[in-house]
Structure formats: C-alpha cells, structure tokens
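Asks: If you scroll down you'll find the structure; I have some questions about it.
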Amino acid sequence: MRIAIGADHGGHGLKRELIDLLEALGHQVVDVGAYTLDPSDDYPDFAKAVAESVSTKRTDRGIMMCGSGVGASVAANKVRGVRASVCHDTYSAHQGVEHDDMNLLCLGVRIVGAELAKELVNSFVSAQFSGEERHQRRLDKVNAMEANFG
C-alpha cells in the first residue's frame, strides 16, 4: 500500500519511527514533510498535503500527526474524498476503516506515546473496508453530504 505521512513540529519527532515501521511492514511511504523541525510551522499545510495525496489517489491512505490530532483531522476533512479521524485507541483505528472507510489517520503525539502510535498505525494499515451493505449505505450517505455541501 502507498501511504502519505506528514507532521507539523508536534509530530516531527515520531514521523521517522512510523516511516520505518510502515516500510518494515512492506508499505511504500510518501513523506510530505515537515522535513525539519520548525516550531512555527502550521499543521494545515501538512494535513493538506497528506489529504490531497489521498484524495487524488496518489496514495491509498494517509497518516498525519500534530499535537492533539484534532487540528489535523479538521483540516484534512476539508479535502473532498478524505475521511480523516483522530484515533487514540486501536479499536477505532481499525473499526474506522472497516465500517467507515476512513482513509486518513490523525494522531495526537502529545496524547499517545511512540509505542501506542505504532500499534495504532498497524491497526489502521491492516484493516480493510468491509463493504457490508449497512456500511456501504452509510458511506454513500456521507459521500452524498460531501457532494451537496462541497
């Protein structure tokens, strides 16, 4: 799977570890920055880059990190075709994909530590959308909302 990954200054320190994990799991990683630690950078810039990569199908999924994960999620969900969520537990990380076709995982680095972040990423990338009728019906409603308001 091709996975875009990005982080502002809040997530910069963990990004390399997650890239190494994803590559060890056999995934191709596209790093969209930040490439240097800059305390004055802004999460929307990197959330946009990850989300656009997913939206345009250059990558299959995305991972974005900031301090809480909330800002990254809010920004990423502004991009058409992106279904981003903050996850701080492994159940949500895989269930969001299986039931809601979540395609962008947002992590709050100040909330979760490195080891939990690795578990969350593993849960996210190993999950697949179920395609069950009820899940597809709900996803269709979400997509219709996006079409009407986007």
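Asks: I'd like to check something: does region 80-100 contain any residue that is closer than 17 Å to Thr59 by Cβ, of a type in the set (Val, Ile, Thr), surrounded by 13 or more Cβ atoms within 10 Å (Cβ to Cβ) and touching a residue at least 40 places away in the same chain (Cβ under 8 Å)?
Replies: No, every residue in region 80-100 fails to be closer than 17 Å to Thr59 by Cβ, of a type in the set (Val, Ile, Thr), surrounded by 13 or more Cβ atoms within 10 Å (Cβ to Cβ) and touching a residue at least 40 places away in the same chain (Cβ under 8 Å).
Asks: Pick from region 108-137 the residues that are of a type in the set (D, E, K, R) and closer than 14 Å to His88 by Cβ: which of them is surrounded by the most Cβ atoms within 10 Å (Cβ to Cβ)?
Replies: Lys118
Asks: In region 20-43, which residues are among the charged types (D, E, K, R) and part of a loop (DSSP other than H, G, I, E, B)?
Replies: The answer is Asp38, Asp41, Asp42.
Asks: Still on this structure, I have one more. Kindly list the number of the only condition in (1) within 26 Å of Asp45 (Cβ to Cβ); (2) in contact (Cβ under 8 Å) with a residue 40 or more places away in the chain that fails for Asn122.
Replies: Failing condition for Asn122: (1).
Asks: Among Arg58, Arg110, which is the only one that is assigned to a loop (DSSP other than H, G, I, E, B), touching a residue at least 60 places away in the same chain (Cβ under 8 Å) and out of contact with any helix residue (DSSP H, G or I) (no Cβ under 7 Å at 6 or more places or on another chain)?
Replies: Only one candidate qualifies: Arg110.
Asks: If I go through region 1-19 residue by residue, how many of them are over 14 Å from the mean Cα position of the chain (by Cα) and either part of a loop (DSSP other than H, G, I, E, B) or closer than 19 Å to Asp60 by Cβ (or both)?
Replies: 2
Asks: Considering only residues that are assigned to a helix (DSSP H, G or I) and of a type in the set (D, E, K, R), look in region 75-107 and name the one that is farthest from Phe46 (Cα to Cα).
Replies: Just the residues of region 75-107 that are assigned to a helix (DSSP H, G or I), to begin with: 75-76, 90-100.
In the following step, the residues that additionally are of a type in the set (D, E, K, R) were identified as 98, 100.
Values: Glu98: 25, Asp100: 23 Å.
The extreme case among them is Glu98.
Asks: Just give me the residues in region 8-47 being over 16 Å from Ala72 (Cβ atoms) and β-branched (Val, Ile, Thr), in sequence order.
Replies: Within region 8-47, Ile19, Val29, Val30, Thr36 qualify.
Asks: Of the conditions (1) surrounded by fewer than 18 Cβ atoms within 10 Å (Cβ to Cβ); (2) in contact with a strand residue (DSSP E or B) (Cβ under 7 Å, 6 or more places away or on another chain); (3) touching a residue at least 60 places away in the same chain (Cβ under 8 Å), Asn77 clears all except one; give me its number.
Replies: Among (1) surrounded by fewer than 18 Cβ atoms within 10 Å (Cβ to Cβ); (2) in contact with a strand residue (DSSP E or B) (Cβ under 7 Å, 6 or more places away or on another chain); (3) touching a residue at least 60 places away in the same chain (Cβ under 8 Å), the lone unmet condition for Asn77 is (3).
We did not get these values from a lab; they are worked out from the coordinates using the rules stated. Every value quoted in this text rests on a predicted model; they were computed, and no experiment measured them. Note: ideal-geometry Cβ built from the backbone for every residue, glycine included; neighbour counts use all protein chains shown.
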